[in-house]
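Take a look at the structure below.
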Amino acid sequence: MRDPIYKKKADGNIVLSLQYVCAGYGNRFRLRNITFSLQRGCFLGILGPNGSGKTTLLNTLCGVVPLQSGKIELFGKPLQTYSGKKRAALMAVLAQDTAIHFPFRCSDVVWMGRFPHRKRFQPPGEDDIRAVNWAMKVTETETLAERLITEVSGGERQRVMLARVLAQKTPILLLDEPTSAMDVRWTLRTFGLLKELCQKDGATVIAIMHDINMAALFCDLLLFLKNGEMLGMGAVQDVLSVDVLEEVYGTKAFVYQPDGLGRPQVIFPPEPDPYYFGAGSESSENT
């Protein structure tokens, strides 16, 4: 599934660096002292409970949420020194909400990924055509090309939006729950494709994920957030521990290593809830 024109644009190993980043909305700080660096070819999974700051972090990286303090460097230069178009040529973003209300053809949506690389009114070049054709091939959206984006299923729409991101041909991909509407087969295929882009083409992927086991299978690094703070960051084998999981999610966790898988997996066993199970309640005594 490799594409020969996927260019390794990163000079040096560090492509993205955050130092004591604080960011939020207005006077509300959602992120506090976020610090990490990513090398070319790394697959980072961002995990944490709802409201922990995952999407805020992604929006801060792409410039939607203003930086309150700290520093973000993209390829060794401050993020704010890049123009919007130049930033779009370096980082492609797949938002959590993939809904499009205007009836574009699916192929037109994928072509939107080429806008950062073209001048105004410039006709598509050979690289543009190859990038779009490749992106639609690996996401198997070729059969959707003439269909309207407003008439496809949620999973199909998400694959079209992923194809747009891939067609953008950026060295960094920022993905907010990229498989939330996909079935198991397409979830595995999507993360497998992203992993291949990291390993063979030098892409750097940052993905918000809720499926911890899927993140453990495909990611190189995991970042756990809670209340806007980092509670764990590191290689899967190092950071995926009972202590970290129970602190982050506030529930009992088991970590185990399935035979032949080579990566740890997690089980969150259900805990009896007095409210639902009637432990100690008057209703249970009267039953």
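Each Lys and Arg adds +1 at its Cβ and each Asp and Glu adds -1 at its Cβ; summed about the Cα centre, segment 1-134 shows a dipole of about 260 debye.
Please state the shape class of segment 100-229: rounded when a/c is under 1.5, otherwise prolate if a/b exceeds b/c and oblate if not, all from the C-alpha gyration tensor. Prolate shape, in that a/c is at least 1.5 and a/b is the bigger ratio.
Please report the equivalent ellipsoid semi-axes of segment 19-70, computed as sqrt(5 x eigenvalue) of the Cα gyration tensor, largest first, in whole Å.
For segment 19-70, the semi-axes come out at 19, 13, 10 Å.
Only Cα pairs under 8 Å and 6+ residues apart enter the sum, and on that basis the relative contact order of the chain stands at 23 percent. For Cα Rg over 2.2 N^0.38 Å, computed directly from the structure shown, the correct entry in (i) 1.09; (ii) 1.04; (iii) 1.15 is (i). Along its first, second and third principal axes, ordered by size, segment 49-94 spans 32, 25, 15 Å in Cα coordinates. For the chain, a simple Cβ point-charge model (Lys and Arg +1, Asp and Glu -1, everything else neutral) yields a dipole of about 1760 debye relative to the Cα centre. Rounded if a/c is under 1.5, else prolate if a/b beats b/c, else oblate: with a ≥ b ≥ c from the C-alpha gyration tensor eigenvalues square-rooted, which is segment 203-274? In terms of gyration-tensor shape, oblate. Suppose we look only past 18 Å in the calculated P(r) of segment 30-166. What percent of the Cα-Cα pairs does that tail hold? In whole percent, the share of Cα-Cα pairs in segment 30-166 beyond 18 Å is 63. With protein chains left intact and a 1.4 Å probe, residues in the chain average 50 Å² of accessible area per residue.
List the chymotrypsin sites (Phe, Trp or Tyr not before Pro) in segment 94-180 that DSSP assigns to loop (not H, G, I, E or B) and whose Cβ has at most 11 other Cβ atoms within 10 Å. Which are they? Write out the running numbers ahead of the final one.
Values: sites: 104, 111, 121, 134; in loops: 104, 121.
For chymotrypsin sites (Phe, Trp or Tyr not before Pro) across segment 94-180 that sit outside H, G, I, E and B with at most 11 neighbouring Cβ atoms in 10 Å, the list reads 121.
Highest-first packing order for the peptide set 62-68, 253-259, 90-96 is 90-96, 62-68, 253-259, based on the mean count of other beta carbon atoms within 10 Å. Protein heavy-atom surface of segment 138-199, 1.4 angstrom probe: 47% of the accessible area is carbon and sulfur, with nucleic acids and ligands not counted. Taking the Cα centre of segment 154-226 as reference, the dipole from Cβ charges on Lys and Arg (+1) and Asp and Glu (-1) amounts to some 160 debye. When its C-alpha radius of gyration is set against 2.2 N^0.38 Å (N residues), segment 38-117 gives a value of 1.28. If both residues of a DSSP beta bridge must be in the chain, then about 60% of such bridges are antiparallel.
Rounded to the nearest Hz, the phi-derived 3J(HN,Hα) couplings of segment 81-92 under the Karplus curve 6.51 cos²θ - 1.76 cosθ + 1.60 (θ = phi - 60°) are 7, 8, 5, x, 5, 5, 5, 5, 7, 10, 9, 9, where x marks glycine and proline.
The values are calculated or read from the model by the stated rules, or taken from the named source; none is laboratory data. This is a predicted model, so every value here is computed, not measured. Cβ coordinates were reconstructed from backbone atoms using ideal geometry, including for glycine residues, and neighbour counts include every protein chain displayed. With ligands, DNA and RNA removed, areas are computed over all heavy atoms of the protein, side chains included. Shrake-Rupley method; radii C 1.70, N 1.55, O 1.52, S 1.80 Å.
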